[in-house]
Amino acid sequence: MRRSDRETTYMHVLKVTELFMDWRHRVMAFTFTVTAGLLAISAWMYDRDLKEAIAAPLILGALLALASAVFDGRNQHILRGCYELADILEHRLGLPSGLGPLGRIPIEKGAPWWKRLNTYHVVLWSAYMLLFILLSGAAAYVLISSPSPR
């Protein structure tokens, strides 16, 4: 592969990485915005004494949090591939390691698992799982504590 081809490929890798980072941000913003809206709907239902329907928005929020965690896991997998390809191209082009303008810390192969974790991914995944647990727990509480219809 010629140097100009490597440079072009490297620029495309940077573009793909940027697209997936933007996608990750959009999923995060969508999830937290919709969850806030669903919590507002639940509060409105509680205020209007629609207690038997309060669990529906909570369950939807829990499912959205779970789906967002799955999406973020897939994004992380794709981003890791971009980082690995960028490392290879940086080495072949004689550039300093660190994925160009995105400036990440290079992680050597065979490093312990705690060094391979991406902090942003861990924080997002934890937030999504916490949302899932809280919302599904709240929905379960509402379903269990509401009187059964007769």
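Look at region 1-30: where a residue is under 19 Å from I78 (Cβ atoms) and a partner is at pLDDT below 85 and outside any helix (DSSP H, G or I), sitting 6+ places away or on another chain with Cβ atoms under 9 Å, you get T9/M1; Y10/L95; V13/L99; L14/L99; T17/L99. Scanning region 58-71 for residues that are crowded, with 22+ Cβ neighbours inside 10 Å and either among the hydrophobic types (A, V, I, L, M, F, W, C) or touching a Leu at 6+ places or on another chain (Cβ under 6 Å) (or both) yields L58, G61, A62, A65.
If the condition is being under 25 Å from the mean Cα position of the chain (by Cα) and of a type in the set (S, T, N, Q), then region 1-40 contributes T17, T31, T33, T35. Out of S97, S145, one residue alone is surrounded by fewer than 18 Cβ atoms within 10 Å (Cβ to Cβ), modelled with pLDDT of 80 or more and among the polar types (S, T, N, Q). It is S145.
Take the conditions modelled with pLDDT of 95 or more and of a type outside the set (D, E, K, R) and apply them to L50. Does it pass? Lay out the reasoning, then the answer.
Values: modelled with pLDDT of 95 or more: no; of a type outside the set (D, E, K, R): yes.
Judged against the criteria, L50 is not a match.
List pairs: first residue in region 50-62 and part of a helix (DSSP H, G or I), second residue surrounded by 22 or more Cβ atoms within 10 Å (Cβ to Cβ) anywhere in the structure, Cβ distance under 8 angstrom, at least six positions apart or on different chains. Cβ pairs passing all conditions: P57/S42; L58/S42; L58/L135; I59/L135; G61/T35; G61/L135; A62/L135. The condition of being out of contact with any strand residue (DSSP E or B) (no Cβ under 7 Å at 6 or more places or on another chain) and either modelled with pLDDT under 90 or surrounded by 14 or more Cβ atoms within 10 Å (Cβ to Cβ) (or both) holds for W23.
Taking residues in region 127-148 that are over 23 Å from R24 (Cα atoms), and partners anywhere that are of a type outside the set (K, R) and in a helix (DSSP H, G or I), the pairs with Cβ atoms closer than 6 Å and at least 6 places apart or on different chains are S136/A62; A138/L58; A139/A55; A139/L58; A139/I59; V142/A55; L143/A55; S146/E52.
Restricting to region 41-79, and then to whatever is charged (D, E, K, R) and closer than 16 Å to W125 by Cα, can you tell me which residue is farthest from the chain's Cα centre (by Cα)? Give the derivation first.
In the first step, residues of region 41-79 are kept if they are charged (D, E, K, R); the result is 47-49, 51-52, 72, 74.
Remaining after also requiring closer than 16 Å to W125 by Cα: 72, 74.
On the way: D72: 3, R74: 8 Å.
The selected residue is R74.
The values are calculated or read from the model by the stated rules, or taken from the named source; none is laboratory data. Owing to the predicted nature of the structure, the values given are computational and were not obtained by experimental measurement. Backbone-built Cβ (ideal geometry, glycine too); neighbour counts: all protein chains shown.
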